[in-house]
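The values are calculated or read from the model by the stated rules, or taken from the named source; none is laboratory data. Fair warning: this is a prediction, and the values are worked out from it, not measured in the lab. So basically every Cβ, Gly included, is an ideal-geometry build from the backbone, and we count neighbours across all protein chains shown.
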Amino acid sequence: MNTLFKRFDNIKQFEAYLENGKTQPAFLGILSSQTISAKKSRDAKTHDFEAADRLLMYGDKKTAREIDDAGVARVRAQIARDMPRRVTFSSVVGFAPNVPAYLTGAPNSMINQKTTIQKQKVLNIAYSCAVSYKVKGSDILNACSRLLSAILKVEASGTRVNLYLCSVSDSDMTHPSQRAGFSVKIKSSGEKLDVLKVAYPMVHPSMNRRHKFRFLEVTEGISSEFADGYGRACDPKDIKEMLEQNGVACDIALNYYEIAYRSIDGIVKDMQATMTNKKRR
């Protein structure tokens, strides 16, 4: 079985690839990314591809608000409340005078601060948007809210996170000739989690039913087997292997089914265990 993979450093690159791509012969007359109707709301929940594309590029405010309401806002507030405050102390030297100490003649009459420099730890997480149409949108939203809450907690503890949205599929259910997929970096370790930015790729059904389908429709070299049903989603183990083989660092690969019944703290423990094992290697 041959493989075909594309990596994108950001959402803009991914969108440009789809916009400039030419529909491959096997998909002419099918184009499910374009033809899913608004009435099939369970499949896409957007009226057309252009509406979905706007959500990808500019953010899905409605879904972002729902993610916050599902728990992310509460976790963010808790982190802010519990975050250690910078402590100042009296010293012989410092950046500002301690007037009361100076007036009493104490030697430690200056105010100082101590800064500890630590090497930044980075965790690379890939989340697959592939999910059955039978799964309720509210269930996907709640699961992703817990995952994002876990990421907030892990980052608050000092580990930075690269987050990738991905999809990897086999061309056929039984005897596939090809495995194809892509990854899009939706959060860099150097930036704070932006729920508005990640809401559409992670939660909205159109990411799977329109943008993933469009990727298959325009990618040169894609097997014609994908035209019949758009392939079968691979499991996280295969996804992780595919990403690493194509230069995408991946410590954890997840999909909806991996986190559907996990608590925030349970996901955090898995991430911490992965970091511990990563340091040992």
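Structure notes:
- In this structure, Ala253 does satisfy being modelled with pLDDT of 95 or more, under 12 Å from the mean Cα position of the chain (by Cα) and part of a strand (DSSP E or B).
- Being basic (Lys, Arg) and more than 27 Å from Arg76 (Cβ to Cβ) is a condition met by at least one residue of segment 217-233.
- Lone qualifier among Glu258, Glu217 - being assigned to a helix (DSSP H, G or I), under 16 Å from the mean Cα position of the chain (by Cα) and not hydrophobic (A, V, I, L, M, F, W, C): Glu258
- Taken over segment 241-256, residues that are surrounded by 15 or more Cβ atoms within 10 Å (Cβ to Cβ) and in contact (Cβ under 8 Å) with a residue 12 or more places away in the chain amount to 11.
- Leading residue by the ranking (surrounded by the most Cβ atoms within 10 Å (Cβ to Cβ)) among those in segment 7-24 that are more than 19 Å from the chain's Cα centre (by Cα) and either within 19 Å of Glu191 (Cβ to Cβ) or touching a residue at least 60 places away in the same chain (Cβ under 8 Å) (or both): Leu18
- Of everything listed in (1) in contact (Cβ under 8 Å) with a residue 40 or more places away in the chain; (2) more than 26 Å from Lys22 (Cα to Cα), the single unmet condition for Tyr230 is (2).
- Verdict on Ser189 being part of a loop (DSSP other than H, G, I, E, B), farther than 18 Å from Ser132 by Cα and in contact (Cβ under 8 Å) with a residue 60 or more places away in the chain: yes
- With respect to the stated conditions, Ala130 fails to be assigned to a strand (DSSP E or B), closer than 28 Å to Met1 by Cα and in contact (Cβ under 8 Å) with a residue 24 or more places away in the chain.
- Residues satisfying the stated conditions in segment 153-178, i.e. aliphatic (A, V, I, L, M), over 30 Å from Ala77 (Cα atoms) and buried (at least 23 other Cβ atoms within 10 Å of the Cβ): Val168
- Lone qualifier among Ser149, Ser167, Ser183, Ser145 - being part of a strand (DSSP E or B), touching a Gly at 6+ places or on another chain (Cβ under 8 Å), among the hydroxyl-bearing types (Ser, Thr, Tyr) and at pLDDT 95 or above: Ser167
- Summed over segment 192-205, residues that are part of a helix (DSSP H, G or I), out of contact with any Leu (no Cβ under 6 Å at 6 or more places or on another chain) and at pLDDT 95 or above total 6.
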